[in-house]
Amino acid sequence: MNIEARQRDITLPEPQLAQIPITANGRSVLEVLSDLKGGLVGLYRDQQFYEEDYIVRSFLGRKFITVLNTSLIEHILLKNPGNYQRGTLEKTTVQPWAGDGILASEGKTWKKQRKLSEPWFFRHKIDQFASPITESALQTAIDLDAAAKSGESVNLAEFLLGFSRRVIARSLFSADIEPHFGELREILDQVQQRMARIGVLDVLGFGYHLRRWSPGEAQKLNQRLRNIFDPIITERFDGRVRRNDFLQAIVDTNDAESGKRLSRKQAYDTAISYFLGAPEAVGFSLVWTFYLLSHHPDIQERAAAEAQEFTLADPTIKSLGSLEYCWTILQEAMRLYPPVHSLTREALGPDQFGDLKIPKRSLVLFPIYAIHRHSKLWENPNRFDPDRFSKSRRKQSDHLKFMAFSAGPRFCIGRSLAEMETKIAVASLLSRFRFEPDPDRPVRELEARSTLRPKDGCHVRVSRR
Ligand code: HEM
């Protein structure tokens, strides 16, 4: 089935994946790389990605393995994760900013970071995030209302990314961050743009080293971030200020091995890791959700009815359980448009899966976008059908084919928080507003940067209910 056929199958105007037609199967790595000139979205032009169990290519003596089958996902991510580390692609984009924090570290350092962080995300602890989330959702509703009054369509990407950045800023630093919010937004835009500059050399694993030799621009941005965060972190370390927030939890945590508090550098790397990883994924999961809802008024109305039944004052992880239908919609949106659209891993030693030999240094790609639309894994893969995530239709065996939050020991630590955040945003906005597509500014193209986004924003008409 080619892209045109896949697009006919879909029930809404599907953004274009590619301007160029799909080439024949069995392309060489060089042909694939030439597709990547236009960005990572080129990866998904390969018809085989939607039909095969895995694809193996070799280049310069190195194997490139694309994983499209749940048994192989299970083998690498769940049964044998110790043999694979994050690929250089992820390292290249994240490490210059997040240092030795949980996002970019490996081995012992990562294990320590993960162990430290896990208690902050236990389900019963997540409720403390509800208040900054609800406040940010209310602020977004106020901003959206003002913009909607102009009668023009609005770019949801601006509003929803603003929402998720505000949530993480307030959760980590309470009101201490408020005076810096404007500057922070500007710096983050630049950091995200730099993180998004992924080229052929990065995919081949050389970019990391090249960027380490020319770090000038990154250093300047890092310094500006430090100028904002360091004084806030120092006040907490000195005990001059105490707050009931995420940074306080980081500062108060003792290292299990040494019994000592984290160093200031460790606290900074930890805080910045959350700042960089979370907001884009949350923001774009919401953008795609509202994009799909704007094209499906019947589904939107059913979700709005559920949202209006929900009491938004003081929500908890338990009370949010009643937003069952909204959650199926969010998951289905993340299936069709996974914000984190691909993962890479690198084999530390040789491995074998059936007949497939995986030599040391092989680069393994998990193209989540393609796994989520794979013809062997999903019925009507391109159809927007939230009910496939309903309790009655979901099967236990399905869990590895839905990879939006990854799988195995490095799966998204913030998954429950993301569920809380996206449910509150959807309930707050859907209970107040109706969303319709802007026929003059349809989403035409996807852009796969570090997150998957509509290339020129997502313009919708918003009206009060
Ligand atoms: C819809 C929202 C989100 C999506 C789709 C998402 C997805 C992901 C994915 C795919 C990974 C990669 C795991 C791997 O390499 O195997 C990841 C890692 C991570 N996520 Fe999320 N995420 C979301 C929200 C959040 C939030 C709200 C937080 C915390 C505030 C968060 C914190 C992290 C961290 C710290 C990691 C690194 C975990 C590790 O390496 O051990 N994420 N996320």
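The values are calculated or read from the model by the stated rules, or taken from the named source; none is laboratory data. Keep in mind that what you see is a predicted model, and the values were worked out from it rather than measured. FYI the Cβ positions are ideal-geometry reconstructions off the backbone, even for glycines, and counts take in every protein chain you see. Keep in mind that these areas ignore ligands, DNA and RNA; they rest on the heavy atoms of the full protein, side chains included. Shrake-Rupley method; radii C 1.70, N 1.55, O 1.52, S 1.80 Å.
Filtering segment 278-293 down to residues that are near the ligand (Cβ under 8 Å from one of its atoms) and surrounded by fewer than 24 Cβ atoms within 10 Å (Cβ to Cβ), which residue is nearest to Leu172 (Cα to Cα)? Among residues in segment 278-293 that are near the ligand (Cβ under 8 Å from one of its atoms) and surrounded by fewer than 24 Cβ atoms within 10 Å (Cβ to Cβ), the one nearest to Leu172 (Cα to Cα) is Ala278.
The sole residue among Arg86, Arg57 that is more than 18 Å from His341 (Cβ to Cβ) and out of contact with any Cys (no Cβ under 6 Å at 6 or more places or on another chain) is Arg57. The residue that is modelled with the highest pLDDT, among those in segment 246-295 that are of a type in the set (D, E, K, R) and part of a helix (DSSP H, G or I), is Glu280.
Taking residues in segment 340-356 that are under 30 Å from Gly283 (Cα atoms), and partners anywhere that are of a type in the set (S, T, N, Q) and assigned to a loop (DSSP other than H, G, I, E, B), the pairs with Cβ atoms closer than 7 Å and at least 6 places apart or on different chains are Val340/Thr451; Leu343/Ser406.
Rundown of residues vs (1) of a type in the set (S, T, N, Q); (2) open to solvent by 60 Å² or more (accessible area, probe 1.4 Å); (3) not in a loop (DSSP other than H, G, I, E, B), yes/no style:
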position: Lys376; (1), (2), (3): no, yes, no
position: Pro381; (1), (2), (3): no, no, no
position: Ser416; (1), (2), (3): yes, no, yes
position: Ala427; (1), (2), (3): no, no, yes
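Of the candidates Ile358, Ile329, Ile371, the single residue that is modelled with pLDDT of 95 or more, open to solvent by less than 10 Å² (accessible area, probe 1.4 Å) and within 12 Å of the ligand (Cβ to nearest atom) is Ile371.
Taking Glu118 as the residue in question, decide whether it is within 13 Å of the ligand (Cβ to nearest atom), on the phi < 0 side of the Ramachandran plot and assigned to a helix (DSSP H, G or I). Judged against the criteria, Glu118 is a match. Taking the criterion of being out of contact with any strand residue (DSSP E or B) (no Cβ under 8 Å at 6 or more places or on another chain), open to solvent by 20 Å² or more (accessible area, probe 1.4 Å) and closer than 24 Å to Ala307 by Cα, would at least one residue in segment 438-452 satisfy it? No, the conditions are met nowhere in segment 438-452. Suppose the filter is without any contact (Cβ under 8 Å) to a residue 40 or more places away in the chain and within 11 Å of the ligand (Cβ to nearest atom); does Ile413 pass it? Spelling it out, it is not the case that Ile413 is without any contact (Cβ under 8 Å) to a residue 40 or more places away in the chain and within 11 Å of the ligand (Cβ to nearest atom).
Looking only at residues in segment 383-396 that are farther than 13 Å from Leu336 by Cα and touching a helix residue (DSSP H, G or I) at 6+ places or on another chain (Cβ under 8 Å), the one that is surrounded by the most Cβ atoms within 10 Å (Cβ to Cβ) is Arg394.
Among residues of segment 182-204 that are modelled with pLDDT under 80, those with a beta-carbon under 7 Å from a residue that is open to solvent by less than 30 Å² (accessible area, probe 1.4 Å) and among the polar types (S, T, N, Q) at least six positions away or on a different chain give the pairs Met195/Thr93; Ile198/Thr93; Asp202/Thr92.
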